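To start, the structure under review is shown below, and the notes come after it.
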Amino acid sequence: MLNEKMVGLGTQRSVIRELFEFGKMRAAEIGAENVFDFSIGNPSVPSPSCVSETALNLVQNMDPVILHGYTSAQGDASARKAIADSLNARFGTNYNPDNLYLTAGAAAALCCCFNGLACPGDEFIVFAPYFPEYKVFIEGAGAKMVLIPADVEAFQIDFDKFEAAINEHTKGVIVNSPNNPSGAVYSEETVKKLAEILKRKSQEYGEPIYLISDEPYREIVFGNTKVPFLPRYYDNTLVCYSWSKSLSLPGERLGYVLVPDEMADSRLVYAAIAGAGRSLGYVCAPSMFQHICAACASETADISVYETNKNLLLKSLREMGYHVVEPGGTFYMFPRTLEADDLAFCEKAKKYNLLIVPGTGFGCPGHTRISYCVPTARIERSLAAFEALAKEYR
Ligand code: PLP
């Protein structure tokens, strides 16, 4: 007898993986240049030179027994210090190494938070559209996910629905800005209102409601878009960060949980997060990349192509009649589908070798996610396919 839930998770392929496999099959049939795969959010630009230079330097000059050895569970102290210094320089904060717990990416950071915080019966509020793994992570921690429907006009927060969903079981709220899949960035006004409600409701129920800020796209923003730094607005904020996107290192698995001193019982919360990491068997984050990310913590890859792609796609799709909320960041766009059934729409798109992901999986039907972390030439070649698809609905 096996754990049926785990068998299910291990065997059901995600829609995104299905599309990716379909794309590979079509590429073999008609040539890769004729398949417009916008399914996966794998960064398409190389890491900055800081990454390879630091890697080379570490391999040549650092004692390999230390470089490839276990670090302390929360991460190497000098790496945490460098990361705290980088945060302090950029956000005017006063963090120290003990505010940081290094993890294998944002996924592990989130799992440490959910498992560290959740007691039986607890609920975590998530705003649609959302990163689908949240449900897996929250339920894996024995808690319940409560979904707030999307504000499809601007992809900010529907505060009435949010407030109505908070109750004595609410342990935390997850926000993801810049957002996967909408690309939306929460305005300062949204963040202030969110913080005000959380403070008021925490007081009402006599327990902190934690704000978990999942921000792997923090640096990937366009124009003058500013991403408010959430711990500045709400003390009980845990930041889950990752270098997967900003340094184009998704396979190297490095991120952190930031537990600010301003948080209520911050050392206890930190201990719970460390305990969760231990119970999940994470041991420590990848040692070599702790050092690399620490050395490159204030850098980003050259992400300018994402903005070029966003501009081209946004202008072209709008001209064709698609309704799109302009993304403030990330490398995703989330247009309305041209029929209410987003699954049928994305299936139809496959006829034109256009691989886009239905919004239903992100908790937001009637939309489709386009990942434009691809060469600009692919977008240029795909426009005729988007046009042919739109024509079917005119
Ligand atoms: N959160 C969001 C919103 C994401 O889009 C992703 C990855 O795509 C993750 C978390 C997980 O990132 P990581 O690679 O750092 O685990």
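Only the coordinates and a few stated rules stand behind these numbers; no lab work does. Just so we're clear, the structure is a prediction, and the values are computed from it rather than from any experiment. Backbone-built Cβ (ideal geometry, glycine too); neighbour counts: all protein chains shown.
Quick one: of the DSSP bridges fully inside the chain, what percent are antiparallel, nearest 5?
Close to 40 percent.
If one computes the Cα centroid of the stretch 45-122 and of the stretch 324-348, what distance in Å separates the two points?
Their Cα centres are 34 Å away from one another.
Tell me, for the chain, which Cys residues have no other cysteine's C-beta sitting closer than 4.7 Å.
Lone cysteines by the Cβ rule: Cys111, Cys112, Cys113, Cys119, Cys240, Cys284, Cys293, Cys346, Cys364, Cys373.
Plugging the Kirkwood radius over Cα pairs into Stokes-Einstein for the chain, at a temperature of 25 °C and a viscosity of 0.890 mPa s, what D comes out in µm²/s?
Rounded, D is 112 µm²/s.
Using per-residue counts of other Cβ atoms within 10 Å, averaged over each peptide, order 113-121, 279-287 from highest down.
113-121, 279-287
Using only the Cα atoms of the stretch 1-73, what are the Rg and Dmax in Å?
Rg and Dmax of the stretch 1-73, Cα atoms, are 20.5, 51 Å.
With N set to the number of residues, divide the alpha-carbon radius of gyration of the stretch 93-239 by 2.2 N^0.38 Å and report two decimals.
Normalised Rg, Cα atoms only: 0.99.
Treat the count of other C-beta atoms within 10 Å as a stand-in for reagent exposure and order Lys135, Lys310 from fewest to most.
Neighbour counts put them in this order, fewest first: Lys135, Lys310.
If we count other beta carbons within 10 Å of each Cβ, what is the order of His367, His291, fewest first?
Placing the least packed residue first, the sequence is His291, His367.
Along each principal axis of its Cα atoms, how long is the stretch 71-156 end to end? Whole angstroms, biggest number first, please.
41, 33, 18
Write down the radius of gyration of the stretch 190-259 and its Dmax, each obtained from C-alpha positions, in Å.
Final numbers for Rg and Dmax: 14.3, 43 Å.
What list do you get for Val175, Val59, Val185 if you sort them by fewest beta carbons within 10 Å?
Going from least to most buried by this count: Val59, Val175, Val185.
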